[in-house]
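The structure under discussion appears below in the form of structure tokens.
The values are calculated or read from the model by the stated rules, or taken from the named source; none is laboratory data. From a predicted model like this one, the values you see are computed outputs, not experimental measurements. Here the Cβ positions follow ideal geometry from the backbone for every residue, glycine too, while neighbour counts run over all protein chains shown.
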Amino acid sequence: MRGVRYKKCNECFENKKEEIDFYKSGRGYEFICKSCRISAAINNKKNNKERYARYSANRNALIKALPRYDHRKATFDSYRYFNYKCALTNTRGDLVDDHFIAIATGHGGTIRGNIIPLLSAINFSKNDADPFTWFETNRQRFELDDSRWNALISYLADQNGLTLDEYRQFVDWCYANQRSIDDIRADNERYGYVVSSLELWREATGMSFPLRIDFRQKRRNARDRRNHFVGIHEMV
């Protein structure tokens, strides 16, 4: 039976369990423990309050301009699907809502098919990076499993009404064609409603395959609900 290996952190100088308390990199385990990594990130945020305040303000503006279809239900459905565990590690812990296609790209939005539960440390590492590139770079560090990654991509592709290849193309397009808040508002004004990135992608690439999501039906349903609501008030 293999014994537990200990390693001294170069930051706090404490001896800690290598496989548990240190992230894994391409060359082995890192020299700074997980706790010190997280503390450094928190301190960096505190010491750069103005920069983070600007980042938060821009992020909130992007969230409001992008699609937000029933955020609570979208989050609930995603967490329930993954059994209230991290979508990439299948473990319980400090879970946060992760936007698979980062809000900073000006695409995706807070919708079903883009919200997944992730451990906060993984979410912090992923941040605004292209998720496919991030996974290849950090799979060893977080000891991520290929099968869970593939299952996640399959789930997201299905939620967006796409095949696996189509979904990868869609994500790549979002990161290659990022939008500012002004770009998003201009697109919304051009369409006359909060347009989804899927619609923009299909328009830009001329994809002729049949998407399994009927955006026109969504707009009809929204209009019917609005008319029904108005009708009730008129009867009263």
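Just the residues that are under 15 Å from the mean Cα position of the chain (by Cα) and surrounded by fewer than 17 Cβ atoms within 10 Å (Cβ to Cβ), please, taken from segment 90-102. Spell out the reasoning first.
Here is the first cut: in segment 90-102, the residues under 15 Å from the mean Cα position of the chain (by Cα) are 95-102.
Once the filter is applied, which keeps residues that are under 15 Å from the mean Cα position of the chain (by Cα) and surrounded by fewer than 17 Cβ atoms within 10 Å (Cβ to Cβ), segment 90-102 yields V96, D97.
With the checklist (1) in a helix (DSSP H, G or I); (2) in contact (Cβ under 8 Å) with a residue 40 or more places away in the chain; (3) not polar (S, T, N, Q) in hand, flag the one item E136 doesn't pass.
(2)
Pairs, please: C-beta under 6 Å, at least 6 apart or cross-chain, first residue under 26 Å from G28 (Cβ atoms) and in segment 140-161, second hydroxyl-bearing (S, T, Y) and crowded, with 17+ Cβ neighbours inside 10 Å?
From segment 140-161, the pairs are R141/Y23.
Show the residue pairs meeting these rules: Cβ distance below 9 Å; 6+ apart or different chains; first residue within segment 185-200 and closer than 19 Å to G161 by Cα and touching a residue at least 40 places away in the same chain (Cβ under 8 Å); second residue β-branched (V, I, T) and surrounded by fewer than 18 Cβ atoms within 10 Å (Cβ to Cβ).
S196/I213
Output the number of residues of segment 143-157 satisfying the condition of being modelled with pLDDT under 95 and under 17 Å from the mean Cα position of the chain (by Cα).
1
In segment 180-196, how many residues are polar (S, T, N, Q) and either part of a helix (DSSP H, G or I) or surrounded by 15 or more Cβ atoms within 10 Å (Cβ to Cβ) (or both)?
The number of residues fulfilling the criteria is 2.
Looking for whichever is hydrophobic (A, V, I, L, M, F, W, C), touching a strand residue (DSSP E or B) at 6+ places or on another chain (Cβ under 6 Å) and under 19 Å from L162 (Cβ atoms) here; the options are A74, A102. Which one fits?
Unique residue meeting the criteria: A74.
Could you tell me how many of the residues in segment 14-45 are modelled with pLDDT of 80 or more and among the hydroxyl-bearing types (S, T, Y)?
The total comes to 1.
Of all residues in segment 113-129, which are crowded, with 18+ Cβ neighbours inside 10 Å and either of a type outside the set (V, I, T) or not in a helix (DSSP H, G or I) (or both)?
G113, N114, I115, I116, P117, L118, L119, A121, N123, S125, K126
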